[in-house]
Amino acid sequence: MTTPFGAANTAVLKDPKLQIPSFVHGGLLRPSSNSLALTTTTTRRRRHTHLLSSSSSSSHVIRAVSTPAKPGTATETKRSKVEIIKEQSNYIRYPLNEELLTDAPNINEAATQVIKFHGSYQQYNRDDRGARNYSFMLRTKNPCGKVSNRLYLTMDDLADQFGIGTLRLTTRQTFQLHGVLKKDLKTVMSTLIKNMGSTLGACGDLNRNVLAPAAPFTRKDYQFAQHTAENIAALLTPQSGFYYDVWVDGEQVMTAEPPEVVKARNDNSHGTNFPESAEPIYGTQFLPRKFKIAVTVPTDNSVDILTNDIGVVVVTDDEGEPQGFNIYVGGGMGRTHRLETTFPRLGEPLGFVPKEDILYAVKAIVVTQREHGRRDDRNLFCGLHVDNGRIKGKMKTTLREIIEKYDLSVRLTPNQNIILCDIRNSWKRPITTALAQAGLLHPRYVDPLNLTAMACPAFPLCPLAITEAERGIPDILKRVRATFEKVGLKYSESVVIRITGCPNGCARPYMAELGLVGDGPNSYQIWLGGNPSQTSLARTFMNKVKLQDLEKVLEPLFYHWKRRRQSKESFGDFTTRMGFEKLQELVDKWEGPVLAPSRYNLKLFADKETYEAVDQLAKLQNKNAHQLAMEVIRNFVASQQNGKGE
């Protein structure tokens, strides 16, 4: 299921050239359960906040946001068990280092919290009955979704040797490897580290993988966005060495960091760092919650920019030279059922940051959360659609053969797809042929519904799952397609559908036109109102809709969308314009589609002579034969119904 060579998965931002005023004193309002908020420093009526600057000559940028709390100066609040575990873990080592040495197939509760920071979750197969069969999911860290040839082949091998034989692409441009046993963890982790990979910080209460458009375009703004994302990722990588101590016995893999990254990290002129700490930015307790950042360019919203804690958008001059960034803050998808203080939220514009100040600005916002949170011709590439990000079977085998044979690098997209990079022009035909033979076809042969659909893994391994998502979405998409056909929607038409097995929002259902969020066994909340470019937030439409009853809700919605929509109006925009009260009324009163007479192809004339006779009569009335025949038939039927037949 390939995209054309050189194509990219992009979506248009509604206001790609948004220019936000220079900062003035103020603050950002209303944090969500999984987002950040900046503290207000002056009047509430102003909406922008100063961020840190590396240049003292920047008169429009102040140089302080917050400082680490000092003992005795803040009111003590009751801390969660997880916060205590983090503080007592010796910078995320204990008790994981001890638990890994035991013969038990699992690790204890405290170690399960600690191992998240190492990029892993302990899981068990929830389909199995009886004793739990524990295994571990490993998630990689791949800023911009960049994957070297060597790392891809390593991941492919590890999936076969130690996993369940599949690779899962995530919505944050990373791999997930499922089914690793505890006894194999150190082997798998050390193999990853020694082959240009890492899982450090892919999970846990710290900055997660930094997103950027995956397509390897050479345009200056795209290159600058990816470079910036990589620098941000480096800036916020843990420094205390716990990851290497646990998995490679302290043999830390050294990489050269850009000097601007080192400078920004070590700068404490504004009181953002913990002095003398092994973790100058994070301290002993790291962040209150996970933290997500994305970088992009105007018109490309493949990263769902507004769903991130920080969204960074490149701003260029008329010659295309990057000048700085527009910053959005406060986005988040995490929520909990029946807990109104948790909710999905779109990021809001905060302000413009000159390019030399971006690392300081990002660091300042992260600190605010910490303190107050809750390229010859090798330039072709080929995008592949991967249903739900699951690489398996023939697809997995073929991808490995191609990547290995042509020494290709790889990019992972935020929509669970994959891009093969560094393809020479002379390789295009054999690669395309090999992909087609493996069933990886051009997008025009893929159902449009599948192209934009996403689902989280859910059952059987996710411990938070309430109902199915990845395993259930193929059948749900088939049912949606059947409903489209029933109400007369064209095959080329589509709706962005995202499904999660719980309210945590991993597949970003709250940005979908149609979001299904598990709220019970074989039961879903239905969310409506997102748009195809993922720039508006959906809202809850119905609760507790059983899987078998989906058509009762979707059929009237799709039927009326087809008949009442404005020109080129998307399904999500239609539901917003109509309003949920009216939509609920349409669902409640639904008795099935009314089929137009034009759908029936009736053969009115069995012979030429009859047709010519009727045609002559019809011309006398300025009608054609078909119109006259239908009129006679309708009059006859009406007379019979009224008891006037002769």
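Here are the numbers:
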{"item": "Test for TYR524: is it modelled with pLDDT of 95 or more, surrounded by 24 or more Cβ atoms within 10 Å (Cβ to Cβ) and outside any strand (DSSP E or B)", "result": "no"}
{"item": "Residue in the stretch 489-505 that is assigned to a strand (DSSP E or B) and either among the polar types (S, T, N, Q) or at pLDDT below 95 (or both) present", "result": "yes"}
{"item": "Hey, PHE224 among the aromatic types (Phe, Trp, Tyr) and more than 25 Å from LEU287 (Cα to Cα) or not", "result": "yes"}
{"item": "Subset of the stretch 470-520 (residues that are surrounded by fewer than 22 Cβ atoms within 10 Å (Cβ to Cβ), polar (S, T, N, Q) and in contact with a helix residue (DSSP H, G or I) (Cβ under 7 Å, 6 or more places away or on another chain))", "result": "THR483, SER492"}
{"item": "From the options LEU489, LEU451, LEU464, residue that is out of contact with any His (no Cβ under 8 Å at 6 or more places or on another chain) and closer than 26 Å to HIS178 by Cβ", "result": "LEU464"}
{"item": "In the stretch 470-488, the residues that are closer than 23 Å to ARG139 by Cβ and assigned to a loop (DSSP other than H, G, I, E, B)", "result": "GLU470, ARG471, GLY472"}
{"item": "Scope the stretch 157-181; condition surrounded by fewer than 19 Cβ atoms within 10 Å (Cβ to Cβ) and either under 13 Å from SER120 (Cα atoms) or among the polar types (S, T, N, Q) (or both); matching residues", "result": "GLN161, THR166, LEU181"}
{"item": "Check on PHE291, among the aromatic types (Phe, Trp, Tyr) and within 22 Å of the chain's Cα centre (by Cα)", "result": "yes"}
{"item": "Per-region count, the stretch 195-239, residues open to solvent by 10 Å² or more (accessible area, probe 1.4 Å), touching a strand residue (DSSP E or B) at 6+ places or on another chain (Cβ under 6 Å) and at pLDDT 95 or above", "result": "2"}
{"item": "Hits in the stretch 294-333 - residues which are of a type in the set (Asp, Glu) and open to solvent by 10 Å² or more (accessible area, probe 1.4 Å)", "result": "ASP317, ASP318, GLU319, GLU321"}
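The values are calculated or read from the model by the stated rules, or taken from the named source; none is laboratory data. Here the structure is a predicted model, which means the values were calculated and not measured. Quick reminder, even Gly has a Cβ in these numbers, built from the backbone with ideal geometry, and neighbours come from all protein chains shown. Quick note on the areas: whole protein, heavy atoms, side chains included, nothing else; ligands and nucleic acids left out. Shrake-Rupley method; radii C 1.70, N 1.55, O 1.52, S 1.80 Å.
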